[in-house]
Structures are given as structure tokens and as C-alpha cells.
Amino acid sequence: MTIDLLDCIRDNSAARTGGFTGAIFLTYSLNLTFFEQILAPALDEAGCSNVLILVDPDGYQQAVEMGINSLRGVGVRYVCAPVLRRSHGIQHGKMLFMAGPDNGRLLVGSGNLTFHGYGHNLELYSYFEYVSSNPSSDISPFIVAWDLLERLFVEGDMPVTARQHFNTIQEKVAWLGNDTPIVDANIWHNYDRSLIEQLKDWRLAHGLAEPSVGIQTISPYYDKHLIALKEIASITSPSSLQVHLDPALTNLDGSKAVQEWQGSVPRLDAFELRSREQKKSRRHVHAKAIVGKEKNISWVLTGSANLSQSALLSSWQSGGNLEVVTFFWSENPAEFDYLLENELIDVRPISLSNVVSTEDEPSERLSSIFPETFIVELNLRGGRIEGRLSLPLPDSKADSFLHLYRNNVDLPIHFIDNRNFEAKMDIVLKENTEFAMLISGNYLTPYRWIDQPEALARYGSRSYQSQIKGKLETLQGAGRLFKELMDFLLERVDTYPEVEKHDPSLSRKKHHQRQDDDSREIPAPGTEAFITDEGLVQSIHWALDYHQYPYDRSLLSLQDLLSLVLLRLTSETRSDPVDGEQNDDEGEDDSQGDQEDEKVDILQRLSDYLIRYCNRYATHLMDQGFLKSTSPELIFQNHYTLSKVLLEFDKKTKDFDVFSQNDMLRCFWNIWAPLVWPEIIGLEGDSTLQIFAKGFSTEQIKLAWQTAGLSDVAMITFTHVLGQPASWQSGLWQPQSVETFMVARGLLDRFKKKLGSSIFVSELPASGSLIGIQTVNDLFSSSSSGLSFFEHSRKVFQHIERYHPPVEEKYFSLIGLYLLEKNNYHDKSKMEKLISEIREQELTKDLEAYQSNPRPILATVITDDDEIYCPKCGAEQAEGAGLSLQRGNLVLCTYAKDVWIYLRPRLPKRII
Amino acid sequence: MTNPSFPQWTTKIAKGKDVVGEDMLGIEGAAQSYQQALIPGIISTTDRARYYSFYAWVLYRFINFQRGKRLLKNFRGKYFKRHEVALILGAYSHHLGEEPLRGLIGAGTNYNKVSLWWDENNPVSLDVGYFKNKLGGFGQYYFTVMQALEIVLDSEQPSWVYRLTKSYGEPLAKAFERSISNTTYFKKLSTSDELESLTHKDSVNYGKAACICADALNKGDDLPLLRDAFFRFDQVGSDNPHVFRRLSLAVAMDLVRGAKGKFDRDLMLRPALYLGEYSSGLNYKPLPELDDWALRWKMVSIRHQYTFGLQALWGAFILKLRDAIGGISFAELMQWLRSSIGADIFDKPLSKYLDARCGDVSLKANWQKSYREFSVACRQSSQNDEYSLYLLARSHREDPDVLLRVGIQTLTQHYLRFLPLYQNPTGVWMEMAKRERLPLISYYQFVGESLSSDLVLGNWLEAIYRDFILGQHEFIALQKLRYQNYDTFKFYHREGRFYWPFRTPKQWREPIRLAGNRLRNALSILTDLGLVEEDSLRQLSLTKDGREYLTRTIELRSHDN
């Protein structure tokens, strides 16, 4: 098992109800460019509008230095504040706390908030989830983590903006006020007690007085004299002690370590840890862990703490680092063996003396980048910048000013007291984010970014629609969004009376009533249509440029969004190759091929998902409880959307071979049959319309049906999925197709019976919104080929409505002739017309046989035991006659010879 | 089952394979998009004219291929590839024993694929794997340019195949078909719709008529139509992409004309545009009617040279990082820069450094007084011009000290050379100079500010490295990670230090090159079209038809104006 931190941050419920609302990071080093480019969109997906990053001053200054020209959101979209040091210890904890009104998510581990810490190194992370409605959810890690954050705010010198952001996040999370006593929480920190003391206490509490069987450690960094390691050995007295490290990332000097360990017990064995992945780039092991094996128990401590004094033996209050770790134990002594038996890593014994130090331990290399006097806070509000210094300026305050880096302007400042100052902001910032330093004589403070509380508040309350931006950017994200939206559709039970008035999808539907669809079912036209003298179409590059930002569209109704998602997943992408001197066909082809593979993989998974979804949907449609909690309006709206999604998915994925005709057919029956005829797909119970009839009048149901546009969608869907019935000549040899069309007609008859025979009569073309967004160009213009498509669909649909099995179609005119004669309706011209039709169909022999022996023409069916009986006299038909009947011929009853018989196919008991 | 909260190893968030890639600073796109506007229909990967008619023919056949039902899914894959592989075999056989034919898509580097197919089988299967893209070179490169030339159109419905235009698409397809109508391949194709293999004999026979080389095209019926499609003499107007292409082709021909039969596209194209001289003493002066278009192409070169200056500095950094066990901090990088170029230069004011550059080319060592003459004074004879510096860097691509010196000198001389244009910006200058990323005007503004604040060269260089190079690479790599899921990071920045991210030192280095100039592709296409010819010394000159086409373009230009 491994953990993908980016996936953990994304949240599947965000598109529905807001999911999470805030997130707080704790980190030592920091790369805000990485945060803005990669993590911020993921947090957007999860709904986190208020983000706070608490960082060691080292990380803060690195982030400023590296991002001073590129950052776009700091101070306006999120807040980043340094955790000021109490002495020499650094803020070394790495944690992400995501909070929402009903749930929490916590990540605690060894990786910093940088590309390598979150996405490249081999790190160890623990993941906790809390759902307030689930009584078995463990809240204790969240309470411990929150308590730590609160103490940083209560006892530390935090900027006001950071405090406000912290409070905003807290206000939305009522469950954090839970005062359940915390026992054995899996999160430890060393705010006021060292980790080693906590470990000692835990061992004592669990009666672990005997020596440990073994201790295994993973750490890149160690204190110079191995004091922390010695202390661990001292309190656990292990029989074996192993250190695991990445030789390419460690401060351990092997030969010195051998000397330091002399006289200590047990023997210190070293192992190298390396990534097994055969990639060009190297993955360093930056994880930290201590695994203890006792006689009948095992435990593991992992997180930010290296094997150093400042991490393990001291508390933050007493001058050590601030560390956050997770602690787990198990009665299975081998429980944590998986950590060193993972497919990602290779473990090999090495000689300790051969280990060469590659760098310093973080605590040892902390740079004194923060002088004693620096800007603690800097806020822009109401045209003024207000700031506060950590200490009064060493020299005179005269001629002090604030230099704004990106705008390259100096603002004179006015000191309110020794530390607080303000400046009038009489310029309009060129960019949202700005950095400033205070200059006073020869004294310069380090740069600090300006927090803008008003912009932060605006961003914190931005709309749901902007949160889905991130999802549409990548194929993976679009795939997830598709599922989320579909799940939302299934679970949607509340009715919104105002929907019609405000739902942009409905207004769009009306607006586009005259537009229409293409269809895969319409065969491509003749060759002449492919050679055209139309003008130049918009270049594909232009379209792709737009495609990258489809969310700029203002209409993002559920249906449109689904359309866009499918478009994102299926549009062909052609990237412009790099302008090199030498072309690299194969390199470019490979990278495009990889993207194509990824696309196919995602679409295949969505296809599987959609099939499962339609199965579930079928049972929902017959769930009395579910249907009672909703209304025909809502169900029919959902039905419309789902039908549209199926149509679009089928059309847009035709090129990818992921959704077969059978898949489409199965989905089709699953969504239409339960409405009126559930038994045909093997479901027992009342149909949807029967259930609705108990609470709503037929008129109400009919109105909801018509308002939702279901007749149009039925017409297009039936036509698209089933196509035109075959002629009787072909149909005779396609029994499966005959069954399909007989069931389809049966289904339509049932709809008509429930909702009136004219329910499918439509004067206007089907709604344009059924089309979805077929191509990138549709984002800008509308299709004009709708009318012909509508006409085509209507004609095909009418064929399905009036479908007869092939043998009835074959003898349609002959039966007509018989009926005329039977009813003594001797209209010569009609009879001549029928006779002429019969001859045209080359059924002259049948006509002559009938005319020579004009008996009634009746249908019969084949029985379960494959016998055929005469419908009049009940006699079993001779074998030869039976075969002829099965070939679709008319046969005179072999017993009484007083009736012409044809074999009508039976309706299947189940269609899927 | 293991407790899901138990600690787990983290996976990489970049799920795509590690990509080596080029343009690690993401700064080549500006010139690329500008060139796309200047010469629509020709991109850096489309340099053979015959493909424009060949692909039209394959599409035309498919449209008329009954079983294909004109559905895109039936066009992609086997159907398309069989046609393209047949062309590869034909072209290969047409030049057997000669050096590999340039621009033959899918043949493999130095024919490594096609020669294997050829050597191992007779007949050769047409179902060999040669390209992942199901539409081969058409899908990968030529589709969009053929759209620009109004040969093909996008499909009307997603499931339908692309369309051919009546004006050019269909006639080109038919003309190509006439050109190959006597080949045995075509005759067999006519009776069986699709062929699954091709004999060597049929390939040779097909190659003579269908090859993408100039010889075969010059005998083909499609040649006149192709010329028309590229030049579009029927089109006029100041905002017409066909006119843009025609004028760009005219600039390419004018460059050939100006060299009086001695044009060497490898050595002369770039200096002629950038410096206004083909080689030392041989100047390029555009025809007056083409002044503005020649300037536009000069702007492409100006941008390329600026890009190269930054890439040289980036290349120097990469070489240092590669050898820095334990990484390198920014301060250490600055120390190396100082020692490499010398403390006296590093600590010298930038203005003094510019003075020295002027002095080097026999101008008064006062840049403010001399910069207007710099462009004329600093040419190839001095060996100090930016193009000569580029050649120097190219021959010392593993030497960080040379790359550093070349980078600094290129960027500063660039400023001196084009400061007059920056100070008196014309529309043409602005078309290119404001293009993202790291626009030229931002750089000129930055240098101007550095000079006015009397910055020393070292501080100027520090800002260049921080803002134009390291920050830029990180930003671009993150963009690629975000949108394409690729890991293209060329350094690993951890806690204030940069580290080499790869397993071995040889894994990557900055390719020392100038970004592609599409006039080079235009010259190749003009050669295919028989308007430019190449002699045995690979020197280009205009053919009789070429001179006529140039004259006609100039006349139309005068008339249009």
C-alpha cells in the first residue's frame, strides 16, 4: 500500500455540498510556487476556500526568495505566516489539517510542503479521516492536532491575518468543539514534552519493562554524537539496533559514527534504503521512523522527527524543534514489517563506516535569515498599509519607508509607536500579490508579502463553480468530476421549485430549441459532403487554447458541466511540437501516445462506472421510499440528464472502443424499463409511474414529463440506441433484433397507456441541450443541422412505435386483404392496391395459395417446449409445417386445413 | 487488514514517465507562435511539400472507400497506416544507397525502422508498427497545416472523417492519384481497396512516382497545384494569412536571391536575418517591398538570440549542478560565477561592462554614446557578435565557463544592438517584443533599470539567474506537472540548496542550440516545389520559376499596397 498525497487532498464530495472549507499546513521548508500550481487546485477541488500555511522562518524566507516574481496568490488567496522560533529549535512539523462542517482529514508525515516533499521523495505519511455523522470515526487525532495549532496561536506571535484565517476555519467546524477526553491518540507532538519522554511513558503504561527485541530506525539526519540514538537504545535496551538511510541524503558521517558508538550496545547495523523505481530521476528517502519490536507487541513512531537531539529529546518549549509524529502499536510483533518490505524500496546492508555525509541536519544549518527586527505583519486595508515590527528599530526611525518590490515604489511610513507603523497606499497595485521591505537609513528588513484581508475574504467565499476549475484541467480530474456529478444526480432528492426559473440549463434549453444534434445513428452522408468548398475553419490550435480554459464559460449547469467534462476527456489533442533544429518524431509521438493511453484508461473506467450506475439507477427508480421523498419533476429532470449523458458518452467515446453497443443497450433498458415495465429487465415490484400514481394525478405526472422534455429525449434515445428496424426480409433472420424492437414497442405502448396516446407527438425539434457540447467549436457557435436530424429521428421513432415482427410486416397486405374480405368490405380499388403491394413484395405464390383457399389468417406462437399449435383447432402442427412457419411462411393448418397460420415471435421474458 | 491510518510510503505525484524535453525555461513559445502567424501552414515539423498532396489523396481514397463509411474510426489506424507505410517504403527504395531522405516520417532515425522492414522481408507487411498516432504523420503534424492551406477541413461531426476542400483538397488528391496511376501499387490498390503488403519491386516502382523528394514531385501532376496552394496569388489583403505565407516565402526566396547563388542555409540563414550579413562581408539587404516582412523575420531571430543567451546561462548552471555533490546553494552559485568571470568583472558596474563591449568592437568605450553604432560595428568579422558567440558555445557545450561568458555577453550585446529599436518602438518590434514568456520589452526594461540604479554586473547576473532562469524553470516544470503530469524538473531544490535530480551525471544537459526558424522549412518546401535549387555544394539559388514567383509576389505586393 502506498499513499498519493495529492489524491488525498482532493475530495470527491466537493462538487456537491462544499466538502471541506478550510486547510492548515504546517511545514519546515516551503515552495509556494509548487503550492500555487499543484496543491491549490487540489484544495479547490476539495472546496477549501480558506488556506493557512504555517512555516518555519527558514521556509518562509526561501519561499519569498524563490517566489518573489512568480507567486500570484499569497496574501490574497491564502495566508502564509512564519512560526517564530522560541530559541534555536525550528518548526519542523509537517501536517495538513483539512476541515469541513461535517468532516476532517489529517495528513501527518515527513514531507515538507515542496514538490519533493509532497510528490517526489520517498516519505512516510499517515492519513486520518473523520466524519461527524459516523460514530466509529476517531476524533482524537484531530483534537490533538487542533490543540497544537491553537497553542501556536495563543502562545505564539502570529500575524492578525493568520489569526483571523484560523478563526474563520474554526468557525465552520463545530465538531472541533467536541470535548471527548482523549486517550491513546495516534498523534504526538513535542510542544511541551519531548517525544522520548512520551515514548518512555507509553512503554511504562504498557508494562514494557523488558528489553526490546529490536529497534529499526529510518532517518536521513542524526545529531553529531548520536545522542538521540543512544537514548533510544538506553530506554528500550534492544537486542538489535538498525539504522536505515539513503546514502545520497544523509548527514551521517559513517566513520565518526563508528567512533561515537564505540562502547555502546547493541551493535549498530546500517542498511541503505533506495528507491526501486527505475526512473531517470532519483527519489531520495527523506522519511523518518522508529519501529520497535517488543516481545509481544510492536510499535512505530513516524513523522517529522529525525534521529536528533533537537527532534526527540527536547520539547519546543525547552528549545528543541517542534515536531509532529504519529504513533501506532499492535499486538502483532510483525505488524510494521511492511514498512521495510515495500515494493518501492530496496533495503541492503552496508558498512556504517562507508557512509559519507552529504549535508547538514536542518537544525544545524538554520540560517540566521531573520534578523532580530523584521516585519511581523503587514496588512493592506482601506487604502492603508498597517505593519508591525518584531522589535523597535535599532536606530532612528526618521526617513523610514516601505519599498514595494513589484511596483518598485517607496511609500513613506508613519510610526504609531515603536513597533507599529502605517503607510498611505496611494497607488493601484500592478498585481494582486506584493512584497515589501522596510528601509530605515541603512537598515533593511527582509521582504514580507502584504496580506490583504478584504481580498482574502472575497476569495474565501467564492462560488462553487470556481472550485471545479482544477478538476477540468487534467484528464484524471475530469474523470473524477464526471463520477461526482453523476453520483450527485443519483442522490438528488430535494425538489427546488425555483429550478425552472433560475436553472441556466433550462434557459439554455429554450434558447436552443431550434438547434439540434448530429447522431452517430445518422450514417455519414455521401462522399460529396466530405468535399466542400466552405471557408477555412478555425484552427485547431485556437480551439485547443480555448479548450484549456473551458470553465470560463458562465453556464455551468450540471448538464453543461457533464458535457464539458466529456469533451475534455474525448477531444483529440495535438500539441505543437517544439521548434528544434532536428525534429524528434518519435519522442513527440510517444508523449502524445501516453496521453492517449491515459485517456483511454480513464474512459474505460468511466464506462464501467456508467454501466454500474445505470444498474443502480434502475433499482432507485423502483424504490418506493426514495421516490416518495422526491417528485416526478425531479426524477424526470434527472432522467433527462442521464439520458443525455449516455447519448453523449456513447457518441464521444466511439473512437476509443470503451463503450460497446451492448453496453449502451444495457444502460438504455436499465433506465427506461423501470419507469413502466420493470419485469422486462428482471425487476419485481411496481414501476416508477405506478408508484407516482399513488401520490400524483396522471395530469401532474404528464406535466412533469412534458416539462422535463422526456418525449424528445425518448425519441432521440430510442432512435440512437435501436436504430431503424430492419426490413422484414432481413428481420426474419435476426430474431434477437426482432425481440428488441418488440420490447421497445411494448415499452412505448405502456408509456402511451399511462400518459396518453399522444405523449410522443412533438411539433418542435427536440431540445438543443440534448446535444451537449459536441466539439470545442460548439462552445462558440451552435449547430444548425438540428432540423434534419430531428426529422430523421422522428421518422425512425415512428417506425419503432409501429413496429411489427417481420412475418406480420411480410403479410401485412395479405392480412389486410383477408380482413377486408372478412368484413365484407369489397372496396375494389383498395383490394387492387393490396394485391399490387403483395406482388411487389414477390409474394404472389402466397397470394395465389390464399386466393385458392381463402381461409382466416391467424397468428400463433411457439410454446415453451418448442411445439406449434393451431390457434383455431389447437392441433399440433406437423414437423415440416413447423419448420416452414419458423422460416416466416404462411402455412395451412396441417390438421383441419381451415385456417392460415403464421408464427408470431414471442415477447422475451427478459430483455437483459 | 492493515489499519488504513498506519504510515505509508508516498508515491510520486508525477504519474507520467520522466521527460527529458527541451525548452526547459519555456521561453521558445513566443517566437514559435509568432512564426505560426507569419507563415501559417508551415511548422517546424512540416518540411516536405509532397505530404500536402499525399495525405489529401489518402483522405480522398477513404472518403470514396465504401466499407469505411466515412467514419473517423475506420480511417484511423490500419487503413491510414497501410497507405503511409507504403509511401515510406516507396520513398526509401527511391533513394536506396543514398543518405537518408530528410523529413520522411516514420522511417526511424537514420532509417533504422524502414531498413529493417526492407531487409527482413519481401514482400514487406504494411501493418508494421511505426507510429503510435493512429493517423501517423498526418495526425501528428500535417493535419493542422493542411487546414491552414485550405486543403482539409475539420469533420462536421466527431465521428465522421475530415473533409477535403473542393478548391485544393480534391484537386490535389486527384492530381496525386494521376501521378501514381501507372504504378503497380496503385493498380493493385484499385482492385482490392487495401493492400496488406508490398513487394520490393512494387515499392521501387511506386517510389519513383510518389516519393516526397523534389525529383519525384517535379514529375508529378500535383506540383502546379501545390505551388498554388502555398502561394495563393488569388488572395489579397493586409490581414490575410495566405498573404502572410506568400510574403514569408518571398522573404525566404529573397534571402536566396541576395546571396547570389551562394546561399548556405545552415550557415547563412540566421546571421543574414539577425546581423544583416550572410557571412563576413556579404550583406543581406531585402528588396524594398519586403522590408517589413524581412524585419518580422529578423524579430524572430532577435527573440531566438535572446532566448539562447538565457539558455546558455541555464546550461552553465546545469553543468555546475551536475558536478556538485551535496548540491549548491544560490550563494555558492554566485561565488562560482564570480570566480568564473573574474572578481573584477563581476563587481564592475553593468554600465562599465557595456562600455567594454563597445570598446571591443572599436567603438568609443562609452555605451551611451556608442550603442547606436554597435549594430554595425559588431559583426562577424569581429568574432564578438552574438551569432559567433553562439557558434563558440556550440563547440564548447560541455564547458560551463564558456557558456557563462557567452550568455552574459550575448544578453548584454543584445541590449546594445537593439536598444534603438526598443527606444523607438515600431509596430513590428512590438508584435514580437511584448510576447510572453519573459518578453523582450521586460528584459530591456530590466536592463534599463539595472543601469539606472548603477547595479554591478554580479547583482544583475544574480537577478537574471533568480528571476529569468531558476524561477522560470521551476514555474515551467510545475506547469508541465500540473497539465501533463510529467516530471521535467532539472534541479531539486531543498531547503535552500539545488541538487542534481538524476541518477547519473549524463542524464541530461541543456542542448546548446538556437530554436527552429521556420524559414528553413520554407526553403525546404521551396526546393521541393522546384522554386529553389541546390547545387552539389549544397548552395541554394533561385530557379527560373523561383525568380518568376518572387517577381510576381513583389508585383502583387506593390499592387496590394
- Go over the candidates B:GLU398, B:GLU373, B:GLU431 one by one and state the one that is assigned to a helix (DSSP H, G or I) and within 23 Å of B:GLN311 (Cβ to Cβ). B:GLU431
- Go through the residues of the stretch B:414-424 one by one and say whether even a single one is in contact with a Cys (Cβ under 9 Å, 6 or more places away or on another chain), of a type outside the set (S, T, N, Q) and at pLDDT 95 or above. yes
- Task: May I ask you to list the residues in the stretch A:28-55 that are within 27 Å of A:GLU171 (Cβ to Cβ) and either more than 14 Å from chain B (Cβ to nearest Cβ) or not in a helix (DSSP H, G or I) (or both)?
- Result: A:LEU30, A:ALA46, A:GLY47, A:CYS48, A:SER49, A:ASN50, A:VAL51, A:LEU52, A:ILE53, A:LEU54, A:VAL55
- Assuming A:PRO82 fulfils every condition listed in (1) under 24 Å from A:GLU361 (Cα atoms); (2) in contact (Cβ under 8 Å) with a residue 40 or more places away in the chain; (3) within 32 Å of the chain's Cα centre (by Cα); (4) more than 10 Å from every other protein chain (Cβ to nearest Cβ) apart from one, which condition is it? (3)
- Task: Please indicate, with yes or no, whether at least one residue in the stretch A:645-654 is at pLDDT 90 or above and of a type in the set (A, V, I, L, M).
- Result: no
- Restricting attention to the stretch B:494-517, which residues are more than 7 Å from every other protein chain (Cβ to nearest Cβ) and more than 19 Å from the chain's Cα centre (by Cα)? B:ARG497, B:PHE498, B:TYR499, B:TRP500, B:THR504, B:PRO505, B:LYS506, B:TRP508, B:ARG509
- Looking only at the stretch A:398-448, and only at residues there that are farther than 18 Å from A:SER70 by Cα and β-branched (Val, Ile, Thr), the one that is least open to solvent (accessible area, probe 1.4 Å): A:THR445
- Item | Among the residues listed as A:ASP360, A:ASP395, A:ASP346, the single one being in a strand (DSSP E or B), surrounded by fewer than 18 Cβ atoms within 10 Å (Cβ to Cβ) and charged (D, E, K, R) | A:ASP346
- Return the total of residues in the stretch B:210-260 being in a loop (DSSP other than H, G, I, E, B) and within 21 Å of the chain's Cα centre (by Cα). 2
- Return the residue satisfying two criteria in turn: it lies in the stretch B:144-163 and is within 7 Å of chain A (Cβ to nearest Cβ), of a type in the set (A, V, I, L, M, F, W, C) and not in a loop (DSSP other than H, G, I, E, B), and of such residues it is farthest from B:GLY68 (Cα to Cα). B:ALA148
- Which one of the conditions (1) more than 11 Å from chain B (Cβ to nearest Cβ); (2) in contact with a strand residue (DSSP E or B) (Cβ under 6 Å, 6 or more places away or on another chain) does A:ASN167 fail to meet, given that it meets all the rest? (2)
- Query: Can you name the residue in the stretch B:164-185 that is closer than 21 Å to B:THR144 by Cα and in a loop (DSSP other than H, G, I, E, B) and is also least open to solvent (accessible area, probe 1.4 Å) among such residues?
  - Reply: B:TYR168
- Identify, by number, the condition in (1) facing chain A (nearest Cβ under 7 Å); (2) surrounded by fewer than 21 Cβ atoms within 10 Å (Cβ to Cβ) that B:GLN140 doesn't meet. (2)
- For the stretch A:87-94, indicate whether the set of residues that are in a strand (DSSP E or B), closer than 26 Å to B:PHE6 by Cβ and not charged (D, E, K, R) is non-empty. yes
- Task: Hand me the list of helices (runs of 4 or more DSSP H) wholly inside the stretch A:701-760 holding 1 or more residues that are surrounded by fewer than 16 Cβ atoms within 10 Å (Cβ to Cβ).
- Result: A:728-731, A:735-755
- Do any residues in the stretch B:480-498 that are closer than 22 Å to A:GLU359 by Cβ have Cβ atoms under 6 Å from those of residues that are of a type in the set (S, T, N, Q) and in a strand (DSSP E or B), where the two are at least six apart or on different chains, and which pairs are they? B:GLY496/B:SER329; B:ARG497/B:SER329
- Query: So which of B:ASN3, B:ASN74 ends up being in a loop (DSSP other than H, G, I, E, B), open to solvent by 30 Å² or more (accessible area, probe 1.4 Å) and either more than 11 Å from chain A (Cβ to nearest Cβ) or more than 23 Å from B:ALA522 (Cα to Cα) (or both)?
  - Reply: B:ASN3
- All positions within the stretch A:357-383 that are farther than 20 Å from A:ALA436 by Cα and either more than 14 Å from chain B (Cβ to nearest Cβ) or at pLDDT below 90 (or both): A:THR358, A:GLU359, A:ASP360, A:GLU361, A:PRO362, A:SER363, A:GLU364, A:ARG365, A:LEU366, A:SER367
- Task: Scan B:ILE318, B:ILE328 and give me the residue that is at negative phi, open to solvent by less than 20 Å² (accessible area, probe 1.4 Å) and in contact with a strand residue (DSSP E or B) (Cβ under 6 Å, 6 or more places away or on another chain).
- Result: B:ILE328
- Query: Which one of the conditions (1) within 11 Å of chain B (Cβ to nearest Cβ); (2) surrounded by fewer than 23 Cβ atoms within 10 Å (Cβ to Cβ); (3) touching a Leu at 6+ places or on another chain (Cβ under 8 Å) does A:LEU122 fail to meet, given that it meets all the rest?
  - Reply: (2)
- Query: Is there any pair linking a residue in the stretch B:24-49 that is within 11 Å of another protein chain (Cβ to nearest Cβ) to one that is among the aromatic types (Phe, Trp, Tyr), with Cβ under 6 Å and at least six apart or on different chains, and which?
  - Reply: B:THR45/B:TYR141; B:THR46/B:TYR141; B:THR46/B:TYR142
- So which of A:SER304, A:SER351 is closer than 24 Å to A:LYS94 by Cβ, more than 11 Å from chain B (Cβ to nearest Cβ) and either open to solvent by 10 Å² or more (accessible area, probe 1.4 Å) or hydroxyl-bearing (Ser, Thr, Tyr) (or both)? A:SER304
- Set B:GLN368, B:GLN445, B:GLN409: member being within 26 Å of B:LEU282 (Cβ to Cβ) and either assigned to a helix (DSSP H, G or I) or under 26 Å from the mean Cα position of the chain (by Cα) (or both): B:GLN409
- Message: Taking the conditions exactly as written (within 10 Å of another protein chain (Cβ to nearest Cβ) and buried (at least 24 other Cβ atoms within 10 Å of the Cβ)), does A:ASN69 satisfy them or not?
- Response: no
- Does B:ASP560 satisfy the criteria of being surrounded by fewer than 21 Cβ atoms within 10 Å (Cβ to Cβ) and more than 14 Å from chain A (Cβ to nearest Cβ)? yes
- Is it the case that the stretch B:354-369 has a residue that's free of Cβ contacts under 8 Å to residues at least 40 places away in the same chain and open to solvent by less than 20 Å² (accessible area, probe 1.4 Å)? yes
- Any chance you could count how many residues in the stretch B:448-479 are more than 7 Å from every other protein chain (Cβ to nearest Cβ) and either open to solvent by 50 Å² or more (accessible area, probe 1.4 Å) or among the aliphatic types (A, V, I, L, M) (or both)? 18
- Message: Among the residues that make up the stretch B:522-544, is at least one of them surrounded by 17 or more Cβ atoms within 10 Å (Cβ to Cβ), out of contact with any Ser or Thr (no Cβ under 8 Å at 6 or more places or on another chain) and within 14 Å of another protein chain (Cβ to nearest Cβ)?
- Response: yes
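The values are calculated or read from the model by the stated rules, or taken from the named source; none is laboratory data. Computed from a predicted model, the values in this text were never measured in an experiment. For neighbour counting, all protein chains shown are included, and Cβ atoms are generated from backbone atoms with ideal geometry for every residue, glycine included. Each accessible area value is taken on the protein alone, full model and side chains, heavy atoms only, with ligands, DNA and RNA left out. Shrake-Rupley method; radii C 1.70, N 1.55, O 1.52, S 1.80 Å.
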